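Shown next, in structure tokens, is the structure this report addresses.
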Amino acid sequence: QVQLVESGGGLVQAGGSLRLSCAASGRTFSTYAMGWFRQAPGKEREFVAAINWSGGNTGYADSVKGRFTISRDNAKNTVYLQMNNLKPEDTAVYYCAAKTGYGSSWSPGEYDYWGQGTQVTVSS
């Protein structure tokens with residue numbers, strides 16, 4: 001079992017930055033691939049970024065590529081999402097998720113554990 005707790009969301013102006021954190025419980029964090037997803041009102045949950053167990057392989061949605069960076073610190077059981085040059089269309093609830101197995105994935109159905117989400121609001 002893994003419990004995930006996100007933090008770092010908030011209200012920011014367009015062009016600003018936020019860093020989301022996701023703290024995981026348990027001693028096997030390094031065996032999970034991790035992902036960030038987001039869901040805006042009236043829309044389906046969508047992939048944002050993912051990272052494999054070691055941090056050596058990352059992937060991004062086209063909409064955030066070049067602006068967002070995913071990273072992890074296995075010693076701290078934490079995964080991060082650095083978000084720069086934020087746009088109003090980035091407004092959503094952001095969720096982190098853990099996937100059993102070392103390889104990451106863009107598909108939410110492959111993730112086993114989810115956090116409760118943190119709200120990110122970008123004003124124009």
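Do the conditions hold for GLY55, that is, is it without any contact (Cβ under 8 Å) to a residue 24 or more places away in the chain, within 22 Å of SER123 (Cβ to Cβ) and either out of contact with any Lys or Arg (no Cβ under 9 Å at 6 or more places or on another chain) or not in a strand (DSSP E or B) (or both)? Outline the logic, then answer.
Values: without any contact (Cβ under 8 Å) to a residue 24 or more places away in the chain: yes; within 22 Å of SER123 (Cβ to Cβ): no; either out of contact with any Lys or Arg (no Cβ under 9 Å at 6 or more places or on another chain) or not in a strand (DSSP E or B) (or both): yes.
It is false that GLY55 is without any contact (Cβ under 8 Å) to a residue 24 or more places away in the chain, within 22 Å of SER123 (Cβ to Cβ) and either out of contact with any Lys or Arg (no Cβ under 9 Å at 6 or more places or on another chain) or not in a strand (DSSP E or B) (or both).
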message: Need pairs with beta-carbon distance below 6 Å; first residue closer than 24 Å to THR121 by Cα and within the stretch 67-87, second modelled with pLDDT under 95; sequence gap 6+ or separate chains.
response: ARG72/GLY55
field: Looking only at the stretch 24-43, and only at residues there that are closer than 17 Å to PRO88 by Cα and more than 12 Å from the chain's Cα centre (by Cα), the one that is surrounded by the fewest Cβ atoms within 10 Å (Cβ to Cβ)
entry: GLY42
task: Run down SER21, SER63, SER71 and say which single residue is more than 18 Å from LEU4 (Cβ to Cβ) and either of a type in the set (D, E, K, R) or surrounded by 13 or more Cβ atoms within 10 Å (Cβ to Cβ) (or both).
output: SER63
task: Could you identify the single residue in VAL5, VAL48 that is open to solvent by 60 Å² or more (accessible area, probe 1.4 Å), within 20 Å of TYR113 (Cα to Cα) and assigned to a strand (DSSP E or B)?
output: VAL5
message: Looking for something touching a residue at least 24 places away in the same chain (Cβ under 8 Å), touching a helix residue (DSSP H, G or I) at 6+ places or on another chain (Cβ under 8 Å) and assigned to a loop (DSSP other than H, G, I, E, B) - is there at least one such residue anywhere in the stretch 93-109?
response: yes
field: SER21 being closer than 21 Å to THR121 by Cα and touching a Ser or Thr at 6+ places or on another chain (Cβ under 9 Å)
entry: yes
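The values are calculated or read from the model by the stated rules, or taken from the named source; none is laboratory data. The structure displayed is predicted, hence computed values, not measured ones. A quick note on method: Cβ atoms are made from the backbone with ideal geometry, for glycine too, and the neighbour counts reach across all protein chains shown. Note: areas computed on protein heavy atoms with side chains; ligands, DNA, RNA excluded. Shrake-Rupley method; radii C 1.70, N 1.55, O 1.52, S 1.80 Å.
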